[in-house]
Amino acid sequence: MRKTHCVKVGNILIGGDAPVSVQTMIKVQTSHTEEVIKQIKKIQCAGGEIVRLAVLNKDDVFSLKKIKKRVSIPLVADIHYNYTLGIESIEAGVDKIRVNPSNIPESGMKKIIKKAIEKKIPVRLGLNSGSIKIKRTGLVASIIDSALDSIKLCEDMGFFDIVISLKTPYVDDTISAYRAVSERCDYPLHLGITEAGSGYYGFAKNAIGIGILLYEGIGNTIRVSLTDSPEIEVECACAILQALGLRRFQPEIISCPVCGRCQVPLDRIVSRFKKKIIAFSKKNPDMKNLKIAIMGCSVNGPGEAKQADIGIAGGKDRFALFVKGNIIGTYPLKQIEKEFFSRIKEMTNG
Ligand code: SF4
């Protein structure tokens, strides 16, 4: 991972040697305190580590104070247009503030930075293609220039606890912008493809954009952006980090796509086992390091099952069970689930 400055957001470090953190945004009005707290609980359960809340008015600031007292997750106030709400949010106790330098005047930015210095919290300079002034040089050059100007403003005030984001809805432009800025400064980067849409296409855009940058060692915290619930965003973010081998949130489950050679109901078995494995691993954190294979037939089944910590490979209405590379036995469909989970329990002292 590219070496960066490190900032502290509540109890989470961003940058330096810290693992890439997962964040998301609350999708109800911040003034609806109880609904926000409900969302935060779901986000934490899904693996979210930092939560951002939109602050549009004084009611939101008032609610921030109440939320802060009742949750343990670090809170980030999201500020556009009105710098006084930024100052009030910092006073309300948020752990970080996100400002959009494109829609806050320089004098307001300076006041927010002064307050952040006083309260010792970091600031994210959150540039976004939808709100920057696009010059003749084009979108990517404009967003890079805006970021560098905002960084200079902070540095001129002696403030270095900065996180940068340069989001666009386009994978190629976003990657170009982050690559360029990562070469010109060593501040931690918050990655995201903004307004990526929904469903498979939205996830693909997030995974490709964020994934390519992370694979190049660029990026310190990520937010998956989807027109969906915050916990789905968090689950997708965790999946991206795990697929890249950067974090482990749950056991690595390998299952085959099924084809005409399969003589067991593998799709049903995978979805049933997966649910149980994930629920079990939430109670047994040791289990997240396991590699588990659930395979349809003898073509690749025994090979993958042997390479996993525990694996099953389908035959004719039966499964062979492998533990740590050794075959333990073959079991009919009715029996395999019990055998499989009792071995997992033994392996994890569950
Ligand atoms: S493991 Fe067997 S059933 Fe599964 S996809 Fe490969 S050949 Fe088909």
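Derivation of every value follows stated rules applied to the coordinates shown; laboratory data play no part. What you are looking at is a predicted structure, and each value in this text was computed from that prediction instead of being measured. Counting neighbours? That spans all protein chains shown, and the Cβs are built from the backbone with ideal geometry, glycine included.
Tabulated values for the structure
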read-out: Sole residue being surrounded by fewer than 17 Cβ atoms within 10 Å (Cβ to Cβ) and basic (K, R), chosen from R248, R223; value: R248
read-out: Top-ranked residue in the stretch 280-297 [being surrounded by 15 or more Cβ atoms within 10 Å (Cβ to Cβ) and outside any helix (DSSP H, G or I); ranked as farthest from the ligand (Cβ to nearest atom)]; value: N284
read-out: Some residue of the stretch 25-42 being touching a helix residue (DSSP H, G or I) at 6+ places or on another chain (Cβ under 7 Å), among the aliphatic types (A, V, I, L, M) and in a helix (DSSP H, G or I); value: yes
read-out: Of the criteria (1) over 24 Å from L246 (Cα atoms); (2) part of a strand (DSSP E or B); (3) small (G, A, S); (4) within 15 Å of the ligand (Cβ to nearest atom), which one G311 fails; value: (1)
read-out: One residue from L53, L64 being within 12 Å of M25 (Cα to Cα) and in contact with a Ser or Thr (Cβ under 8 Å, 6 or more places away or on another chain); value: L53
read-out: Tally, over the stretch 222-245, of residues that are within 19 Å of K205 (Cβ to Cβ) and assigned to a loop (DSSP other than H, G, I, E, B); value: 7
read-out: Selection count, the stretch 140-186, where residues are without any contact (Cβ under 8 Å) to a residue 12 or more places away in the chain and closer than 15 Å to E216 by Cβ; value: 2
read-out: Yes/no for I132 being over 23 Å from K27 (Cα atoms), assigned to a loop (DSSP other than H, G, I, E, B) and under 17 Å from the mean Cα position of the chain (by Cα); value: no
read-out: Residue that is nearest to the ligand (Cβ to nearest atom) [pool: residues in the stretch 298-308 that are without any contact (Cβ under 8 Å) to a residue 40 or more places away in the chain and over 19 Å from R248 (Cβ atoms)]; value: V299
read-out: Filter result for V76 (within 21 Å of the chain's Cα centre (by Cα), in a loop (DSSP other than H, G, I, E, B) and β-branched (V, I, T)); value: no
